[in-house]
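A short write-up of the structure that comes next.
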């Protein structure tokens, strides 16, 4: 009986551990609460190059991209980092960084849809990354 139960238990444990590594959680992922806002590819919200991000990434409407405040860079939220935002169903990529005046904040990219960005507003949410 032990010959069957021990390998079965080990297999179940490995499956659960694998799932825990894929989905965000506080045990295997870094997390913190931040202010989440929205931004668009408009000249009024950028330095004059609306589809070019701070790391020279090209932004296209429909992308799941975020900009992070510069204080989050030293925590590992650098260019290309996958970020899960509590309340959203899929991950986003860090592709831009914000002005130095912002702290503990991320901007979700809404392409050219200014109305949707305004409706999103700002809120507090927990983010996860590794």
If you take the residues of region 96-117 that are more than 18 Å from the chain's Cα centre (by Cα) and part of a loop (DSSP other than H, G, I, E, B), which of them is nearest to residue 55 (Cα to Cα)?
100
Taking the conditions exactly as written (within 13 Å of residue 128 (Cα to Cα), surrounded by fewer than 13 Cβ atoms within 10 Å (Cβ to Cβ) and touching a residue at least 12 places away in the same chain (Cβ under 8 Å)), does residue 62 satisfy them or not?
no
Going through 33, 103, 86 one at a time, which residue ends up being modelled with pLDDT of 95 or more and touching a strand residue (DSSP E or B) at 6+ places or on another chain (Cβ under 8 Å)?
33
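The values are calculated or read from the model by the stated rules, or taken from the named source; none is laboratory data. Worth saying up front: this structure is predicted, and the values here are computed from it rather than measured. Note that each Cβ is placed from the backbone with ideal geometry, even for glycine, and that neighbours are counted across all protein chains shown.
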